[in-house]
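Below is one structure, written out as structure tokens; comments come after it.
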């Protein structure tokens, strides 16, 4: 089943001489079980693509469909319900709530959707444990390293019955071992029917994907059916944050 579809999506900011074209005529789809990697240099439109795919921002033109529904036809409340129940996000700045513990942050999406705490908390603990953070479940975000906060954000995004995962550099703050653990969890979520679109600068982690889309200047310059195909160095972004070992 098709989970996400972008049809001829463009996005521009400003007007006249100050207009900046962030995306130009993007076509992208992800079915159940698909893991799609999006790569490209800084400023190529990768993060804009994710925010539009997740209904956090509207395209200037084109259409976005999630589970067959056109976002343009949904009310603001309907789009909010869609985001809460259907889409899991991983942002570069994590967006964890500082006043909640690790377990409470991960359980929050379930509780917002009406799942009782007595069921949501054990489910959250299970996901946290799978990412090697079982002994940190009662800690707060400011007591964690950047890499640990990244893994908590991943756990929160995949918990429950989400259908679409949108992740912006999900392994950017992690060392190779923890980056592999994160990709294993995303791959496992896809095996259970989730579709995932992952922005990454890491060509090695992109090999976990079913296919890779390369962006430059807001346009698709290559779509590889097999992410294991070698990537042109010119298309791979630079300046990834130094990974943490924790």
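Derivation of every value follows stated rules applied to the coordinates shown; laboratory data play no part. These numbers were taken from a predicted model, which means no experiment stands behind them. Don't worry about glycine lacking a Cβ; one is built from the backbone with ideal geometry, like all the others, and counts go over all protein chains shown.
What label, among (i) 51, 35, 35; (ii) 56, 35, 32; (iii) 51, 41, 35, belongs to Cα extents along the principal axes in Å computed from the structure on display?
(iii)
Relative contact order of the chain, please, whole-number percent, based on alpha carbon pairs below 8 angstrom and at least 6 residues apart.
28
To the nearest 10 degrees, how steeply does helix 146-158 sit against the main Cα axis of the chain, on a 0 to 90 scale?
Approximately 80 degrees, to the nearest 10.
Before rounding to the nearest 500, sum -39500 (n - 2.57) across all DSSP H runs of length at least 4 in the chain and divide by the residue total; then give [θ] at 222 nm in deg cm²/dmol.
-9500 deg cm²/dmol
Between helix 117-130 and the chain, what is the angle of the helix's C-alpha long axis to the longest principal axis, kept within 0 to 90° and rounded to the nearest 10?
The angle comes out at about 70 degrees.
Roughly how many nanometres apart are two label points built 7 Å out from the Cα toward the Cβ at residue 67 and residue 145?
Reported label-point gap for residue 67 and residue 145 is 3.8 nm.
Return the percentage of antiparallel bridges among DSSP beta bridges fully within the chain, rounded to the nearest 5 %.
Expressed as a percentage, antiparallel bridges in the chain total about 55.
If I fit a long axis through the Cα atoms of helix 102-112 and take the longest principal axis of the Cα atoms of the chain, what angle between them do I get, 0 to 90°, rounded to 10?
Helix 102-112 sits roughly 70 degrees off the main axis of the chain.
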